[in-house]
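The block underneath contains the structure these notes are about, expressed in structure tokens.
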Amino acid sequence: MQFELSTLIPVLPEIFILSAACLVLVVDLFLKEEQRVISYGITQASLLLAIGITAVTATGETQVVFDGSVIRDTMSDVLKIAIFIITAGAFLYAKDYLRDRDIFKGEFYVLGLFTVLGMMVMVSANTFLTIYLGLELLTLSMYALVAFNRDSVIGSEAAMKYFVLGALASGMLLYGISMIYGATGSIEFSAVSQGLANPEANKMVLIFGLVFVVIGLAFKFGAVPFHMWVPDVYHGAPTAVTLFIGSTPKIAAFALAMRMLVDGMGTLHGDWQGMLVILAILSMGIGNVVAIAQANIKRMLAYSTISHVGFILLGILAGTSKGYTAAMFYSIVYALMALGGFGIVMLLSRRGFEAENLEDYKGLNERSPWFAAMMLLLMFSMAGVPPTVGFFAKMFVLEAVVSVDMTWLALVGVFFSIIGAFYYLRIVKLMYFDKPVDDTPLTAGLDAQVVLSVNGLSMLALGMFPASLLSVCAAAFS
């Protein structure tokens, strides 16, 4: 294979983020405790530069490089830019939180950048092997981040659970991939797709392989019944890490589903559609019902994540470009909502105090009317109340499901959304109608306050003009 420089251009963003992670790792060795902000600065600058590099090197055409291992198309460009923006927001919210808990270390940013790199590899993967490498890079970095606060027993326990279950899911995914490779003789998605169309392929082995792949995928999404790790990890990890795990990896999980199920096994749509229908109904049902019983907001948001995953799966299982567009729109919007929701949780936390219980949100309107309003917008958006963007995200997904004659499934989705509205509106009730338990003023930096305000208002702005983001998502499947 002759190696040319032109083959590197499609993977420039990946090369850049890898170099940035290595740079932060080395620079951090020479910094004193009070100079750690330099590591943070390099990380943020590199994420912003990565957005520029991705935008500049985007051609709008599909490019396949490295002997078919890597693909660069509109979908990958849009998802990568979304990942960079949301990660930059997550790091910005996390800065004061980490400092207050004496865990403001360069390793947080190194692991964060490697997590981003893993997501980028997944988004651009064109073979089962590449997607698996990206997935492992992402999950191994996340295991370390969950246990980042060494003094936290609950954090170490959560990381341990996540590690064991994650290893199991990775094994299942790999087992499924090996079966598909055995039946089709290839791991490249386009070749697998052709191999599946071959009438002589062993259908039994393929379906078994597909089942294991879907199990691995469901675990990464946190879909029921593979959701056991989600509430424990969200609750146990430092909130700064929960914020990060709860937002961008959902975008990567969407890409994982699109690459494996649609690009690789689109021919088996009839088979995986049925599996995703079950996962979606269970996720929406259990996610919304169990969330009502939670008194801890991180656990409540964990179950709410599970219900949102059900909606993302609805868009994918429709199997049309309209459905894929809606699911992509939903995953990006969901990541923004999660970013803001956990951002407010960190805003209310301070040294020696975690604003984890619902009680801590009582009377927030009296303590800070502006951030109570931001939380209101975020909660309304998660509940799917118009005119916030969450309403349109749900509507587009349900519309896609109805257009493939699965109206009953859309009705199930609407039914569980109504149940889900209860626990979001409960927080609004606590903020506006209850007396504050705690009168301590909020102590967040100006940068975090400004970005949180933009984050909250974007729910309204995108809700007023949903076509701005929808057209970008639609371009990926046109």
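The values are calculated or read from the model by the stated rules, or taken from the named source; none is laboratory data. On a predicted model such as this, the values are computed, not experimentally measured, just so you know. Every residue, glycine as well, gets a Cβ built from its backbone with ideal geometry; the counts of neighbours run over all protein chains shown. Please note that ligands, DNA and RNA were not included when accessible areas were found on the heavy atoms of the full protein model with its side chains. Shrake-Rupley method; radii C 1.70, N 1.55, O 1.52, S 1.80 Å.
With modelled with pLDDT of 95 or more, under 19 Å from residue 125 (Cα atoms) and in contact with a helix residue (DSSP H, G or I) (Cβ under 8 Å, 6 or more places away or on another chain) as the only criterion, which of 17, 9 stands out?
17
Among the residues of the range 3-30, which ones are farther than 23 Å from residue 115 by Cα and either open to solvent by less than 80 Å² (accessible area, probe 1.4 Å) or not aliphatic (A, V, I, L, M) (or both)?
Hits for the range 3-30 are 3, 4, 6, 7, 30.
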Show the residue pairs that are 6+ apart or on different chains and have beta-carbon atoms under 7 Å apart, the first residue being within the range 443-462 and under 11 Å from residue 344 (Cβ atoms) and in contact (Cβ under 8 Å) with a residue 60 or more places away in the chain, the second being crowded, with 23+ Cβ neighbours inside 10 Å and of a type in the set (Gly, Ala, Ser).
452/340; 452/343; 455/89; 455/340; 455/343; 456/340
Only one of (1) touching a residue at least 40 places away in the same chain (Cβ under 8 Å); (2) outside any helix (DSSP H, G or I); (3) within 23 Å of the chain's Cα centre (by Cα) is not met by residue 375, so which one is it?
(2)
For the range 416-428, indicate whether the set of residues that are in a loop (DSSP other than H, G, I, E, B), open to solvent by less than 40 Å² (accessible area, probe 1.4 Å) and under 23 Å from residue 342 (Cβ atoms) is non-empty.
no
Residue 326 fails exactly one of the following numbered conditions: (1) over 16 Å from the mean Cα position of the chain (by Cα); (2) aliphatic (A, V, I, L, M); (3) farther than 23 Å from residue 146 by Cα. What is the number of that condition?
(1)
Can you tell me which residue among 391, 396 is in a helix (DSSP H, G or I) and either surrounded by fewer than 20 Cβ atoms within 10 Å (Cβ to Cβ) or more than 23 Å from the chain's Cα centre (by Cα) (or both)?
391
Could you look through the range 32-54, keep only residues that are at pLDDT below 90 and of a type outside the set (Lys, Arg), and pick out the one that is farthest from residue 448 (Cα to Cα)?
33
Do you know which of the residues in the range 33-62 that are over 22 Å from residue 87 (Cα atoms) and within 25 Å of the chain's Cα centre (by Cα) is surrounded by the fewest Cβ atoms within 10 Å (Cβ to Cβ)?
60
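Here are some residues: 434, 447, 439. Which one is open to solvent by less than 40 Å² (accessible area, probe 1.4 Å) and either among the aromatic types (Phe, Trp, Tyr) or over 30 Å from residue 62 (Cβ atoms) (or both)?
Unique residue meeting the criteria: 434.
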Of everything in the range 55-84 that's modelled with pLDDT under 95 and touching a Pro at 6+ places or on another chain (Cβ under 8 Å), which residue is farthest from residue 186 (Cα to Cα)?
57
Quick check on my filter: what residues within the range 414-459 are under 27 Å from residue 89 (Cα atoms) and basic (Lys, Arg)?
426
Pairs needed: first member in the range 145-170, under 21 Å from residue 132 (Cα atoms); second member anywhere, open to solvent by 10 Å² or more (accessible area, probe 1.4 Å) and in a loop (DSSP other than H, G, I, E, B); C-beta distance under 6 Å; at least 6 residues apart or different chains.
159/147
Name the residues in the range 396-442 that are of a type in the set (Phe, Trp, Tyr) and either touching a residue at least 40 places away in the same chain (Cβ under 8 Å) or farther than 23 Å from residue 307 by Cα (or both), would you?
396, 416, 422, 423, 424, 432, 433
